[in-house]
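Asker: Sharing a structure here in structure tokens format.
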Amino acid sequence: MHKLVKIISKTLATVAAGIFISIMPSMPVWANTVSTDPLPTVQIDGIVYDEAVYGNRVYATGQFNYARPAGSPVGYNETSRSNLLAFDVRTGELVTNFNHSLNGTGWALSVSPDGKRLYVGGTFTQVDGQYRSNLAAFDTTTPSGKLLPGFSGTDGRVKALAATNGGVFIGGSFANAYGKSMTDGYARQNLAAYAADGSVNPNWSPTVSLGSRQPPTVWALLALTDKVVIAGAYDHLNGKIYYGSGAVSRYNGVALPWASQSSKYPIRYYGRDSAMSSLSTDGKQIYETGIVNRSANTGKVTGTMEGRAAVSAKDGSVIWVNGCYGDSYDAIPLGGILFSVSHAHDCSAIGTFSQGNPHHVLAETIKASASTNKAPTTYRDYGQFVGIPDSVQLDWYPELNTGNVSGAHQAAWAITGAVTSQGTYIVLGGEFTQAGGVNQQGLVRYSVGSLTN
């Protein structure tokens, strides 16, 4: 069994899948390892874009029609599941009594911290045959996860969710949000908040924008005690410059000071082709991931970071940056380690692998190291973080192949984790069809700690 990563820490971990966060209890000291050997997990026939976990249950959403057990090829032992499913993280088996259908793609999931509600956002118009426009909520205290009334949704894609016990914050690309019915509407510029009864919060209406002709998108939200952190492809928040990340009051949506306001801030996104792609936290630091592309019109890059970074939860100031090249999609802090999914192909700036075949899963310490970013061995006109502290990238590289569902030729898009009485797990979702050389499509688990001994 291939065991590579030493994990020795005691931390308050937050499990996040991009836009979902769930505060976990204090974990014991781990002097064990994470294995790169995949565990049998329910499979899907398409792509998983997001995951959320509460207790022993993992929810997954994306674009797929069927689920099937581990080991079964496509077309065999299939169970109908339209873009949304749940499975037991301990066994990897499908939860049979959670069976809901989205008639379009699911992009985001979030569970309330008390575990009572599950929210899903995406591009759909019906859930279980009932009208819901890009947003739905489920009562997870009922055996089947009853679809809740209200939450009529938006007139555009919902890509980001951050659930609280009192409701949910949503983000994406839309101009209006609807509450208990389609006549209960409010003008909202890519951000909105809902109460637990499915109504729109009339007092929370921050806005994000991006130039005069570029539609912005909110990619990720993080609800903290006093603020909501907003990440994505935008350059203005409430009419003021914020380069792809910012924060607003959780209560009235007023913009708060954030390091990304400064033109000298090293992590910047200022075009629709690049974005801060995820946010997660362990309660002390916020972890960011990013994607960078060149503008189809100008040929210029519209962002600076494709790697991972830790910033202050107080004001967004940089603590460390791991300036790898290769877009990063999602990350989760767990047991003192930041696990992430990407197609990182050059991490020479932090002293590991140079330009070559991508690694789709990485692990790095959450604390800054004694070293700093160096100039990468392959020059590019972006992503230069020379002299900025980095963290230690660990020797843990699970093998995934790339899929062909999205057309982007990527492997994993989402990552989350779960601490259970039977062990601790890392869970990946995406469009891969193999993990560790074994046929395993769309979802896979890895064990942390005693289960690998």
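The values are calculated or read from the model by the stated rules, or taken from the named source; none is laboratory data. Since this is a predicted model, take the numbers as computed values, not measurements. Glycine also receives a Cβ, built like all others from the backbone with ideal geometry; neighbour counts cover every protein chain displayed. Areas reflect the complete protein model, heavy atoms only, side chains present, ligands, DNA and RNA absent. Shrake-Rupley method; radii C 1.70, N 1.55, O 1.52, S 1.80 Å.
Asker: About the Cα centre of the chain, what is the dipole size in debye to 20, counting +1 per Lys and Arg Cβ and -1 per Asp and Glu Cβ, all else neutral? All intermediate terms of the calculation are to be shown ahead of the outcome.
Answerer: Values: 31 positive and 29 negative charges, 147 e Å.
The calculated dipole for the chain is roughly 700 debye.
Asker: Also, I was wondering about something else. Farthest toward the dipole's positive end in segment 293-363, which of Cys324, Asn357, Met305, given Cβ charges of +1 (Lys, Arg) and -1 (Asp, Glu) about the Cα centre?
Answerer: Highest projection toward the positive end goes to Met305.
Asker: Something else: Provide the net charge surrounding Thr141, with neighbours chosen by a C-beta distance below 15 Å and charges set as Lys +1, Arg +1, Asp -1, Glu -1.
Answerer: Values: positive: Arg57, Lys116, Arg117, Lys146; negative: Asp114, Asp139.
Here the charged neighbours net out to +2.
Asker: With +1 on each Lys and Arg Cβ and -1 on each Asp and Glu Cβ, how big is the dipole of segment 33-157 about its Cα centre, in debye rounded to the nearest 20?
Answerer: Details: 9 positive and 11 negative charges, 46 e Å.
Around 220 debye, computed over segment 33-157.
Asker: Compute the distance from the alpha-carbon center of segment 252-304 to that of segment 226-242, in whole Å.
Answerer: About 9 Å separates the Cα centre of segment 252-304 from the one of segment 226-242.
Asker: Treating only the Cβ of Lys, Arg, Asp and Glu as charged (+1, +1, -1, -1), what charge dipole size does segment 29-104 show about its Cα centre? Round to the nearest 20 debye.
Answerer: Values: 4 positive and 7 negative charges, 23 e Å.
Dipole of segment 29-104, to the nearest 20 debye: 120 debye.
Asker: Over 27 Å between C-alpha atoms is what I'm after, so list which of Lys240/Lys314; Lys146/Lys314; Lys240/Lys367 land there. Intermediate results must be reported in sequence, preceding the final value.
Answerer: Working: Lys240/Lys314 19 Å; Lys146/Lys314 37 Å; Lys240/Lys367 32 Å.
Violating the 27 Å Cα-Cα cut-off are Lys146/Lys314; Lys240/Lys367.
Asker: Roughly speaking, to the nearest percent, how much of segment 277-354's 1.4 Å accessible area is carbon and sulfur? Numbers along the way, then the final one.
Answerer: Numbers: 940 of 1950 Å².
That share works out to 48 percent.
Asker: If you average the C-alpha positions of segment 432-446 and of segment 57-82 separately, how far apart do those two centres end up, in angstrom?
Answerer: Each part reduced to its Cα centre gives a spacing of 13 Å.
Asker: Find which of Thr164, Phe151, Gly115 sits farthest along the positive direction of the dipole of segment 99-235, computed with +1 on the beta-carbon of Lys and Arg, -1 on that of Asp and Glu, about the Cα centre.
Answerer: Phe151
Asker: What FRET efficiency, computed as 1/(1 + (r/R0)^6) with R0 = 22 Å and r the Cβ-Cβ distance, is obtained for Asn401 and Asp37, rounded to the nearest 0.05?
Answerer: Numbers: r = 16 Å, r/R0 = 0.73.
According to the calculation, E is roughly 0.85.
Asker: Per residue, how much accessible area does segment 152-202 show when a 1.4 Å probe rolls over the protein heavy atoms, in square angstrom? Provide the component values of the computation, followed by the final result.
Answerer: Working: 1610 Å² over 51 residues.
That works out to 32 Å² for each residue.
Asker: Apply the Karplus curve 6.51 cos²θ - 1.76 cosθ + 1.60, θ = phi - 60°, to the phi angles in segment 52-67 and return the couplings in whole Hz, x for Gly and Pro.
Answerer: Per-residue couplings from phi come out as 9, 10, 8, x, 8, 10, 10, 9, 9, 9, x, 9, 7, 10, 9, 10 Hz.
Asker: Note the listed values (1) 42, 33, 20; (2) 80, 23, 19; (3) 29, 28, 20, then indicate which one is semi-axes √(5λ) of the Cα gyration tensor in Å calculated from this particular structure.
Answerer: So the calculated entry is the one marked (3).
Asker: Right, next: If I take every Cα pair under 8 Å that is 6 or more residues apart in segment 237-301, average their sequence separation and divide by the length, what percent do I get for the relative contact order? Don't jump to the answer; show the numbers that get you there.
Answerer: Numbers: 84 pairs, mean separation 14.5, N = 65.
In percent, rounded to a whole number, it is 22.
Asker: Moving on. Return a whole-number percent for the relative contact order of the chain, with Cα pairs under 8 Å and 6 or more residues apart as the contact set. Mind showing how you got there, number by number?
Answerer: Details: 1529 pairs, mean separation 68.7, N = 453.
Over the chain, the number comes to 15 percent.
Asker: What does the charge count around Pro358 come to, taking other residues whose C-beta lies under 12 Å from its C-beta (Lys +1, Arg +1, Asp -1, Glu -1)? Spell out each step's value before the answer.
Answerer: Numbers: positive: none; negative: Glu306, Asp327, Asp346, Glu399.
Spelling it out: positives minus negatives among the neighbours equals -4.
Asker: So who's got an amide H within less than 5 Å of the one on Arg308, skipping anything under 5 residues away but keeping other chains? H placed 1.01 Å off N, in plane.
Answerer: Residues meeting the amide H criterion: Asn322, Cys324.
Asker: Now, a different point. For Arg250, what charge total do you get from the other residues with a beta carbon under 15 Å from its beta carbon, if Lys and Arg give +1 and Asp and Glu give -1? Display every interim value, and only then the final one.
Answerer: Working: positive: Lys227, Lys314; negative: Asp226.
Local charge sum for Arg250: +1.
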